Amino acid sequence: MIEVKNITKKYGSFTALDNVSFEIKEGEIMGLLGPNGAGKSTTMNIITGYIEPTSGEILINGINMLKKPKKAKREIGYMPEGVPLYYDLTPKEFVTYMAGIKKVDKKVLKEKVEKILSETGLADVKNKLIKNLSRGYKQRVSMAGALVGEPKILILDEPTVGLDPKQIAEIRSLIKKLGKDHTVILSSHILSEVSQICDKVIIINKGKLIAIDTPDNLEDKVANDNSVYVTVEDVDNKIEQMKEKIEDIKEIKLIKENDDGTKKYLISANGKTDLRKSIFAEFAKENITIFEMKKPDATLEDAFMQLIGEGGDK
Ligand code: ADP
Ligand code: MG
C-alpha cells in the first residue's frame, strides 16, 4: 500500500504540488492523469524518493520514504519520463547492469535477467544496441530496468508517450499483465488511456488533486453532463440573471474573457436537460449575442472543467 499524506512541493515560490493526499491499495493499477505541468512527474519523483517534498509524508508498505529511503526504495521499480540513456548497451547488458545496482543475487542473476527480457518482450532484440531499437522497444528496455529488482510496486511515468498505436497497445497489454502481480502507478495526459488500463484514476491539475475515482464513474460524469460552453457578447451584463430566467440552469461560470470583449462561460444544467434551445431563445431576447455554443467533448480538458467546475486555461 502507498500512502501519500499532505504532500506539498515548492520550487522557490512556485507550488508544484499543493497538499496532495491519496492512497493506493495493493494490487491496484492507478492512473495519474493531468495535463502537462500538472505535477505528475513531481508526484512520482516524490513517491519514489527521487526528490523530497517540501512537506508531507510518504509511506510505502508502512515504510517512511523520508526516514528510511533505502528500505522504502527497495519496494519500488521506477521508470522515469523518457527513454533510457544507455544507448551503447544492449538490453541484456542494461538489465544486467540494473540487476547489479539492485543487488540481485549473483547466483540467480543470469536467469532473472533472461526472465525479465522475455516478460517484457525483448528476447528477440536482447543483443542489439539500445540506440538502434525502435521507440517502443526502448520503452520496454526502460520497463525491464524498473522490473529487475522484483519490486512489488511499479511506477511508470508516461509509459506510452511517443509511441505509435501498435506499440501503445503492446505496452498497455504488458502493463495489464504486470498489474496482475504488482501495484502499478502510471501517469498519462490522455484520459482514454488511463481509463483503459487503470482500476482507479487520480486527476491532478496545477498541483492540486481534483478527483480520485474509478474510470467508469469519471466517464459517467463527463458523458451525462449537460453543460454547454457559450461565448457571448453581453453589453448589458445580463448573463448572471439568466439563471433565474431559465430554470434548468444550475450554474453559470466565467471561463475566459477574450481580447475582443466576448466572454466564455460554462453553463451547467439541472438533471439531463439539453439547455441549448432555451439558451439560444432566451439570450437573444435579452440582447446577449451568442458567438459560439458548444457541448463539451469527452476530452481531458473538458472533463477537468466539469469536474472542477471552474476556469482553466481555455
Ligand atoms: P507533469 O509531469 O505533470 O507534466 P511536472 O511534475 O513535471 O508536471 O511539473 C509540474 C510543475 O512544476 C511544472 O510547472 C514545472 O514547470 C514545475 N517544475 C518541475 N520541476 C521543476 C524544477 N526542478 N524547478 C522548477 N520548477 C519545476
Ligand atoms: Mg511529466
Report the one residue of Q241, T289, I267 whose Cα lies farthest in the direction of the positive end of the charge dipole of the chain (charges on C-beta: Lys and Arg +1, Asp and Glu -1; origin at the Cα centre).
I267
Run the numbers on region 224-295 and let me know its relative contact order in percent, using alpha-carbon pairs under 8 Å that are six or more apart.
48 percent
Regarding region 69-209, what are the three Cα extents along the principal axes, ordered largest first, in Å?
44, 35, 26
Lys and Arg at +1, Asp and Glu at -1: neighbours of T273 with Cβ under 12 Å from its Cβ sum to 0
Charge tally for neighbours of G136 with beta carbon under 12 Å away, counting Lys, Arg as +1 and Asp, Glu as -1, is +3
Sort L89, L32 so that the residue with the fewest other Cβ atoms within 10 Å of its own Cβ comes first and the one with the most comes last.
L89, L32
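So, counting K/R as plus one and D/E as minus one, what does the shell of residues with Cβ under 11 Å around E28 add up to?
Details: positive: K25, K200; negative: E23, E26, D199.
So the environment of E28 carries a net charge of -1.
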Once the Cα atoms of the chain are picked out, what are the Rg and Dmax in Å?
23.6, 82
For A269, what residues show an amide H to amide H distance below 5 Å, using hydrogens built from the backbone and excluding near sequence neighbours?
N226, S227, K250
Convert each backbone phi in region 4-12 into a coupling constant with the Karplus relation 6.51 cos²θ - 1.76 cosθ + 1.60 (shift: θ = phi - 60°), then list the ³J(HN,Hα) values in order as whole Hz, x for Gly and Pro.
10, 10, 6, 7, 10, 10, 10, 10, x
Just how large is the dipole of region 224-295 about the Cα centre, in debye to the nearest 20, putting +1 at every Lys and Arg Cβ and -1 at every Asp and Glu Cβ?
320 debye
Whole-Hz ³J(HN,Hα) from phi, Karplus 6.51 cos²θ - 1.76 cosθ + 1.60, for region 132-139, glycine and proline x
8, 7, 5, 4, x, 5, 4, 4
Residue by residue through region 270-280, what is 3J(HN,Hα) from phi via Karplus (6.51 cos²θ - 1.76 cosθ + 1.60, θ = phi - 60°)? Round to whole Hz and write x for glycine and proline.
6, x, 9, 5, 7, 7, 4, 4, 5, 4, 4
Amide H proximity to A16 below 5 Å, modelled H, separation 5+ or other chain, gives K9, K10, Y11
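Given charges of +1 on the Cβ of Lys and Arg and -1 on the Cβ of Asp and Glu, with all other atoms neutral, how large is the dipole of the chain about its Cα centre, in debye to the nearest 20? Mind dumping the intermediate values first?
Details: 50 positive and 49 negative charges, 394 e Å.
Value, rounded to 20: 1900 debye.
Only the coordinates and a few stated rules stand behind these numbers; no lab work does. Quick caveat: nothing in here was measured; it's all calculated off a predicted structure. FYI the Cβ positions are ideal-geometry reconstructions off the backbone, even for glycines, and counts take in every protein chain you see.
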